[in-house]
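The values are calculated or read from the model by the stated rules, or taken from the named source; none is laboratory data. Source: prediction; values computed, not measured. Ideal geometry is used to build each Cβ from the backbone, glycine not excepted, and the neighbour counts take in all protein chains shown.
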Amino acid sequence: MNAKVIASIQEIRDALATVRTTGRTIGLVPTMGALHAGHGRLIETARRENDCVVVSVFVNPIQFDRRDDYDRYPRPLSSDVEFCSRMGVDYVFAPSIEEMYPRPQRTFVEVTEVSERLCGQFRPGHFRGVATVVVKLLNIVQPDRAYFGEKDAQQLAVIRRMTADLNVPVSIVEVPTLRESDGLALSSRNQLLSSEERQIAPLLSRALRKVQDLVSTGETRADVVKRESLRVLNEHPEVRVEYLEIVGPEDMQPVDQITGPIRVAGAIWIGKTRLIDNILCVPGATG
Ligand code: AMP
């Protein structure tokens, strides 16, 4: 069955009203398109857990802090629709900018604290844009469940907190990160890397695994594990580290002493491409 592509808010609402009145559950997978097997994991999980699956494809301008990043972002809609059809998606909701923002947006959702560090510190307004578009999508689709990747752990923490604080009636489901065999987390931005840059890219996941190894074998000093992990990243002169932080998994605030589960998150630049990744580390657990 082909996925049905819908660009209008009214039309997707009408289609889903019928689904809901017949008692069927709805799962939403919000994406910016350029779909890959990582998104596929989210879709598969949504397919298993719901009667009807909606994938939204929308490159959201208000979450980009740099115009060139927005312009360069890949937009292969027809292959995305084929991908969704193969995965048994019912609806692809692919609105235009005018459909989502028919007038200047004057209402924004801001999740304080959780969105301040890591990407929030280096991409001003990013999480405000993410939280705002996600609440719009949740209001349009009104799903029972919405699926987000661990790959964007801070985004997930922001959305969990937003839906809890604003009493949005949806379950947020976390899906583990899918990686290439060399450790690189799948990302739509990977296709922007040259073949030389692609060779270097797995260094980020290696640096994060270094933290996981140290924490699992009993190191509790965050500054020590951070230093060791930066040593891995600094191996390659082409890599520019934007941040590498050890944070609490829910509040995304830095920790000094690792006494419980922590998340290590990093962002690096290779040439003109920015890559992010993170992993959960549990003291005393082997990764
Ligand atoms: P994006 O299209 O990059 O906004 O991503 C849409 C969703 O897919 C987000 O919830 C991401 O966290 C998730 N995602 C992206 N890459 C991966 C991956 N490698 N593994 C699992 N989920 C992913």
Just to be sure I understand, how many residues within region 111-120 are buried (at least 19 other Cβ atoms within 10 Å of the Cβ) and either free of Cβ contacts under 8 Å to residues at least 24 places away in the same chain or touching a strand residue (DSSP E or B) at 6+ places or on another chain (Cβ under 9 Å) (or both)?
2
Every residue from region 254-286 that is farther than 15 Å from Lys226 by Cα, exposed (fewer than 14 other Cβ atoms within 10 Å of the Cβ) and not hydrophobic (A, V, I, L, M, F, W, C):
Thr259, Gly260, Lys272, Gly284, Thr286
So Ser188, is it at pLDDT below 95 and closer than 20 Å to Gly40 by Cβ
yes
Which residues, counting only those in region 118-143, are of a type in the set (Lys, Arg) and in a helix (DSSP H, G or I)?
Arg128, Lys136
The conditions are (1) assigned to a loop (DSSP other than H, G, I, E, B); (2) within 26 Å of Ile6 (Cα to Cα); (3) touching a Lys or Arg at 6+ places or on another chain (Cβ under 6 Å), and Val173 fails exactly one of them. Which is it?
(1)
Does Pro237 meet the test of being away from the ligand (no atom under 16 Å from the Cβ) and either at positive phi or not charged (D, E, K, R) (or both)?
yes
Going through region 171-198 in order, the residues found to be farther than 20 Å from Cys119 by Cβ, within 14 Å of the ligand (Cβ to nearest atom) and in contact with a strand residue (DSSP E or B) (Cβ under 6 Å, 6 or more places away or on another chain) are Val173
Selection from region 100-115 of residues under 15 Å from Arg161 (Cα atoms) and over 22 Å from the mean Cα position of the chain (by Cα) yields none
For region 122-130, check the following and say yes or no: at least one residue is at negative phi, out of contact with any Gly (no Cβ under 6 Å at 6 or more places or on another chain) and away from the ligand (no atom under 16 Å from the Cβ).
yes
Considering region 218-245 alone, what residues qualify as being touching a residue at least 60 places away in the same chain (Cβ under 8 Å) and out of contact with any helix residue (DSSP H, G or I) (no Cβ under 9 Å at 6 or more places or on another chain)?
Gly218, Thr220
Could you tell me whether region 232-251 includes any residue that is part of a helix (DSSP H, G or I) and modelled with pLDDT of 95 or more?
yes
The conditions are (1) under 23 Å from Arg48 (Cβ atoms); (2) surrounded by fewer than 16 Cβ atoms within 10 Å (Cβ to Cβ), and Val175 fails exactly one of them. Which is it?
(2)
Quick one: which helices (runs of 4 or more DSSP H) sit completely within region 13-110 and have at least 1 residues that are buried (at least 17 other Cβ atoms within 10 Å of the Cβ) and within 11 Å of the ligand (Cβ to nearest atom)?
37-49, 77-86
Which one is farthest from the ligand (Cβ to nearest atom) among residues in region 199-231 that are β-branched (Val, Ile, Thr) and part of a helix (DSSP H, G or I)?
Val224
Inter-residue pairs, beta-carbon under 6 Å, first under 19 Å from Val134 (Cα atoms) and in region 20-42, second of a type in the set (S, T, N, Q) and within 13 Å of the ligand (Cβ to nearest atom), 6+ apart
Pro30/Ser56; Ala34/Ser188; His39/Thr31
